[in-house]
1. Go through Leu91, Leu67, Leu63 for me and flag whichever is farther than 21 Å from Tyr133 by Cβ, modelled with pLDDT of 95 or more and in contact with a Leu (Cβ under 6 Å, 6 or more places away or on another chain).
2. So, in the range 184-226, exactly how many residues are under 18 Å from the mean Cα position of the chain (by Cα) and within 15 Å of Tyr132 (Cα to Cα)?
3. Only one of these conditions is not met by Lys18: (1) surrounded by 14 or more Cβ atoms within 10 Å (Cβ to Cβ); (2) more than 10 Å from the ligand (Cβ to nearest atom); (3) more than 17 Å from Val127 (Cβ to Cβ). Which number is it?
4. Just to be sure before I move on: is Glu122 acidic (Asp, Glu) and more than 10 Å from the ligand (Cβ to nearest atom) in the structure I sent?
5. When only residues in the range 184-200 that are surrounded by fewer than 20 Cβ atoms within 10 Å (Cβ to Cβ) and either away from the ligand (no atom under 16 Å from the Cβ) or at pLDDT below 95 (or both) count, which is farthest from Gln29 (Cα to Cα)?
6. With respect to Asp49, determine if the residue is out of contact with any Phe, Trp or Tyr (no Cβ under 8 Å at 6 or more places or on another chain), touching a residue at least 12 places away in the same chain (Cβ under 8 Å) and charged (D, E, K, R).
7. Kindly check whether there is at least one residue in the range 141-153 that is within 12 Å of the ligand (Cβ to nearest atom) and touching a Pro at 6+ places or on another chain (Cβ under 8 Å).
8. Hey, among the residues in the range 109-141 that are farther than 17 Å from Leu154 by Cα, part of a helix (DSSP H, G or I) and among the hydrophobic types (A, V, I, L, M, F, W, C), which one's most open to solvent (accessible area, probe 1.4 Å)?
Amino acid sequence: MRDKPIATPSRTREILRKYGLDAKKSLGQNFLTDVSVLNQMLDAGGIDDQTVVIEIGPGIGALTEQLVEVAKKVYAFEIDQRFIPVLEEELSDYSNLEVIHQDILTVELQEVIPEIKHHSGERIVVVANLPYYITTPIIMRLIASSIPFDCMVLMMQKEVAERMAAGPNTKAYGSLSIAVMNHCQQDIALIVPRTVFNPAPNVDSAVLCLTRRSEPLVKVDNEEAFQTFVKATFQHRRKTLWNNLMSVFGKDKTVKSKLSIILEQLGIDPKRRPESLTISEFGHLYEATSPLRDCSEKTN
Ligand code: SAM
């Protein structure tokens, strides 16, 4: 590594000037200019010389430079063509870096990364200072995939990290928390002020660590339908669970009486608010209401 890392305000300015670049807001480009934040991200992911890293959006290489110093191999996926020559030139000393000009939302990672295609136990970690405009779709895509990652260490907007990490009976708890917790254990590793970015975003950030569970907390026949059900149940947060279920299933007399029996059998008080339900209660409710869902789908 050169005397001064890329993740400093002066080097970042220098590189942007040297290559005649500016940050594109539309691609969520905010460059990190604080090495201590990056080192905390590496520590959180336990990155060492045995780790294979997938980096999303390397930009001009602030995080990439720290990763290639310690990781076994780094695959860095960048959508913006302008950064490819920058990364190739500024990080040319590192033979363990592969820069890939692809959209992370469409690339087939198993086709590009041999350690995924022929996985033989390597530790795979996803690390990123995420482009905020597509934080949720990226995370959902990775969680839904069969990529054998151990954990993901992701910088994102603080409020989104709080929603993803939230548990029941909190304001931030919702369908997003449930979608994430079903597959990963969630921990907020650090809160990051907006001042460590160039340009500074309008919001503070947080680093969220998501550790893949060996089994989902709730096993359902159709994950997408489960997520849709949970989302619909959270539609009116201030209303009771019963009123939300009325909106989901309609107010037909027979359906109402079936729903009330189901809730009684599950020991769930209909007067509770949706945010008080645990993921396993949502799982049981989803399974038990499947026949009602099939009926309402047929009548719609
Ligand atoms: N990692 C750098 C850093 O920490 O300074 C840059 C982070 S910046 C917040 C997000 C980066 O993601 C940008 O370089 C942007 O071009 C890239 N990006 C945006 N959308 C992308 C996508 N769909 N696939 C891959 N990279 C993307």
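The values are calculated or read from the model by the stated rules, or taken from the named source; none is laboratory data. Remember, predicted model here, so these are calculated numbers, not experimental data. Cβ coordinates were reconstructed from backbone atoms using ideal geometry, including for glycine residues, and neighbour counts include every protein chain displayed. Ligands, DNA and RNA are stripped out before the accessible areas are found, and what is left, the full protein with its side chains, is counted by its heavy atoms. Shrake-Rupley method; radii C 1.70, N 1.55, O 1.52, S 1.80 Å.
1. Only one candidate qualifies: Leu91.
2. The number of residues fulfilling the criteria is 7.
3. Every condition holds for Lys18 apart from (1).
4. Yes; evaluated as a whole, the condition is true for this residue.
5. The selected residue is Gln185.
6. Spelling it out, Asp49 is indeed out of contact with any Phe, Trp or Tyr (no Cβ under 8 Å at 6 or more places or on another chain), touching a residue at least 12 places away in the same chain (Cβ under 8 Å) and charged (D, E, K, R).
7. Checked against the condition, which is being within 12 Å of the ligand (Cβ to nearest atom) and touching a Pro at 6+ places or on another chain (Cβ under 8 Å), the range 141-153 yields no hits at all.
8. Filtering first and then ranking leaves Val112.
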